[in-house]
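So the structure is just underneath, and the comments pick up after that.
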Amino acid sequence: MPSRAALATGVIVVAALFVGSTINAALPDPNSVFAAPFEHPAAIGEPVTLRDGIVTVTGLESGREILRFNEVAVTEAVFLVVQLTYEPTEETQVLPLTVLRVEATDGRQYGGQAPISTGCGPTPPGLPIACRAPFELPPDALPGARLLIPAGASTTQMDDVAVIDLGIDEARADALGAATGRVTIPDDTVYVGR
Amino acid sequence: MTTPTAAPDTTWWRRNRLWLLLLLPLLLLALAASSFRLVTLYRPWSWSGRVVAHGPTGTLSEDFMASDGQTYHRDVTVTVDSVQPVRSLGEDAATPGAQLWRVDLTLAAPVDQIVEGCEILLVDAAGRSYRAGRAGKVAADPTNRFWSINDEIACVPEDAPGPTGGLFQIEPSPLERPPSWPVTVGVVTPDGVEPVGVIVRWQMPAYLELATPA
């Protein structure tokens with residue numbers, strides 16, 4: 001029969017282990033903190049200076065169809081087309097639109113290879129271009145959605161990521177989601193007049 | 001109560017002098033041991049090997065892996081013949097607000113070396129670089145509906161490229177490449193940019209940086 005003191009010691013040790021492991025589980029893992037991207041929050045119209053370029057989201061369009069190079073893609077959901085300008089600051093570069101993500105408030109992400117070819121660049125430093133990035137998504141992902149633009153090859157790398165609040169409230173989401181038209185994406189690079 | 005002796009040969013510093021001396025090399029060893037990422041990842045996979053020519057002529061000697069997975073060597077001598085602003089070059093011009101530069105180079109390399117697939121860039125005084133390709137270019141003739149442009153540039157003669165990397169093996173040249181040949185490319189910079197150097201590069205990490213001729 002263990003003594004009272006031994007029982008108390010056992011309970012205290014178990015309780016301490018429990019408290020310790022709870023704190024440990026609640027704290028972020030040092031590796032994920034170390035490898036987390038550097039987020040730069042911004043709104044539509046605000047330029048964001050990333051590691052090697054400047055991006056500005058300038059507007060939104062939506063539709064059921066997108067067109068580029070005589071190719072048309074049709075969706076049962078909706079195409080959200082983000083208008084943005086891009087300007088490298090160090091060297092001639094492309095902004096690969098396939099690495100951009102639209103993130104819904106519940107964490108769902110949309111992006112990747114679009115059903116038609118898209119592109120943004122290359123352009124030399126100091127010569128901004130206007131691009132259109134299409135995202136095929138269900139209308140319920142629109143309210144409160146954010147756009148993630150990484151400086152590197154993905155939005156999860158330890159690198160700069162612009163986090164743009166697209167400013168879509170319920171009314172705007174309804175309007176964007178109800179659009180039935182076709183959005184034309186220019187074939188050629190559009191240089192922004194300076 | 002004992003009084004510590006004040007003799008200099010029994011101070012803490014003196015008693016531990018061997019370890020104190022070893023501290024510096026041990027710290028250096030620890031630093032070297034943690035440089036794995038720098039040496040095996042960062043340096044080979046970035047343009048870390050700057051070769052400055054200190055003039056308009058220079059030679060890049062590098063070992064590189066070709067498409068067949070084998071390591072080869074090349075020694076390419078590049079001469080910047082001229083860098084001059086032009087209104088158009090071939091069917092290309094610069095977009096409004098930008099300047100097109102005609103860059104004339106002469107390349108020389110042994111005929112059995114692989115020289116295809118280079119990039120040519122102009123550098124300004126602030127270190128920004130502008131790559132030859134389609135960036136910033138528009139049709140010189142706006143009515144030309146068939147204008148299109150590739151982002152790749154040719155740095156070897158089209159009919160005599162020398163050995164080229166195929167999918168699994170090196171293809172011989174259909175015609176023997178001359179010992180030296182001219183390369184002309186167009187580069188677009190924003191208005192007001194003055195190029196001070198030319199970069200010619202093939203594979204990371206080494207690249208050749210030349211001065212523009214006076």
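Bear in mind these aren't lab numbers, they're just calculated from the coordinates by the rules spelled out. As the structure is a prediction and not an experimental result, all values here were calculated from the model. With ideal geometry, Cβ positions are generated from the backbone for all residues, glycine too; neighbour counts draw on all protein chains shown.
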Region B:113-214 - percent relative contact order, Cα under 8 Å, separation 6 or more = 36
Distance from region A:120-184 to region A:44-111 (C-alpha centre basis), Å = 4
Points 7 angstrom from Cα along the Cβ direction at A:Arg172 and B:Leu29: gap in nanometres?
-> 6.1
Under a no-solvent Debye model with one identical scatterer per Cα of region B:80-149, what's log10 I(q)/I(0) at q = 0.13, 0.20 Å⁻¹?
-> -0.49, -0.96
Over the Cα atoms of region A:114-172, what Rg and Dmax result, in angstrom?
-> 14.0, 39
Folded to 0 to 90 degrees: helix B:17-33 orientation relative to chain B principal axis, Cα | 20
Kirkwood-based Rg/Rh on the Cα set of chain B evaluates to 1.27
Do any cysteines of the protein assembly as shown lack a neighbour Cys whose Cβ is under 4.7 Å away, and which are they?
-> none
Under DSSP loop assignment and at most 13 Cβ neighbours within 10 Å, longest trypsin sites (Lys or Arg not before Pro)-free interval of chain B | B:1-86
Expressed as a whole-number percentage, the relative contact order of chain A with C-alpha contacts under 8 angstrom and at least six residues apart is 26
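For A:Arg4 and A:Ala36, compute 0.36 nm times the residue count separating them, minus their Cα-Cα distance, and round to one decimal in nm. Don't jump to the answer; show the numbers that get you there.
Details: separation 32, 0.36 × 32 = 11.52 nm, distance 4.86 nm.
That works out to 6.7 nm of additional length.
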Starting from 0 in steps of 10 Å, tell me what percent of the Cα-Cα pairs of the protein assembly as shown lands in each bin.
-> 4, 16, 20, 21, 16, 10, 6, 4, 2, 1, 0
Could you work out the helix-only [θ] at 222 nm for the protein assembly as shown, with each DSSP H run of four or more residues adding -39,500 (n - 2.57) and the total divided by the number of residues, to the nearest 500 deg cm²/dmol?
-> -4500 deg cm²/dmol
May I ask you to list the GluC sites (Glu not before Pro) in region A:77-146 that are in a DSSP loop and have at most 15 other Cβ atoms within 10 Å of their Cβ?
-> A:Glu90
Compactness of region A:88-194 - radius of gyration and Dmax, Cα, Å | 14.8, 41
What order do you get for A:125-134, B:90-99, A:31-40 when each peptide is scored by the mean count of other beta carbon atoms within 10 Å, highest first?
-> A:125-134, B:90-99, A:31-40
Approximate spin-label separation B:Trp47-B:Asn150, in nm, with each point projected 7 Å along Cα-to-Cβ = 2.2
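Take every Cα pair under 8 Å in chain B that's 6+ residues apart, average their separations, divide by the length, and report that relative contact order as a whole percent.
Values: 418 pairs, mean separation 58.0, N = 214.
Dividing the mean separation by the residue count of chain B yields 27 percent.
Find out how many positive minus negative residues lie around B:Gln70, taking Lys and Arg as positive, Asp and Glu as negative, among other residues whose Cβ is under 15 Å from that of B:Gln70. Before the final figure, lay out each step's value.
Details: positive: B:Arg74; negative: B:Glu62, B:Asp63, B:Asp68, B:Asp112, B:Glu171.
Counting the neighbours of B:Gln70, the net charge comes to -4.
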Give me the angle, in degrees from 0 to 90, between the Cα long axis of helix A:4-26 and the longest principal axis of the Cα atoms of chain A, rounded to the nearest 10.
-> 10
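Which loop chymotrypsin sites (Phe, Trp or Tyr not before Pro) in region B:89-188, with loop taken from DSSP, have no more than 12 other Cβ atoms within 10 angstrom of their Cβ? Working shown, then result.
On the way: sites: B:Trp101, B:Tyr130, B:Phe146, B:Trp147, B:Phe168; in loops: B:Phe146, B:Trp147, B:Phe168.
Here the sparse-neighbourhood loop sites are B:Phe146, B:Phe168.
Suppose R0 equals 56 Å. What FRET efficiency, 1/(1 + (r/R0)^6) with r the Cβ-Cβ distance, do A:Leu27 and B:Thr11 give to the nearest 0.05?
Working: r = 44 Å, r/R0 = 0.79.
Efficiency computed from Cβ-Cβ geometry: 0.80.
Pulled fully out, how much extra length does the chain show between B:Ser61 and B:Leu38, if you take 0.36 nm times their separation in residues and subtract their Cα-Cα distance? Working shown, then result.
Details: separation 23, 0.36 × 23 = 8.28 nm, distance 2.23 nm.
Using 0.36 nm per residue and subtracting the Cα-Cα distance, I get 6.0 nm.
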Looking only at other chains, what is the average number of their beta-carbon atoms within 10 angstrom of each beta-carbon in B:144-153?
-> 1
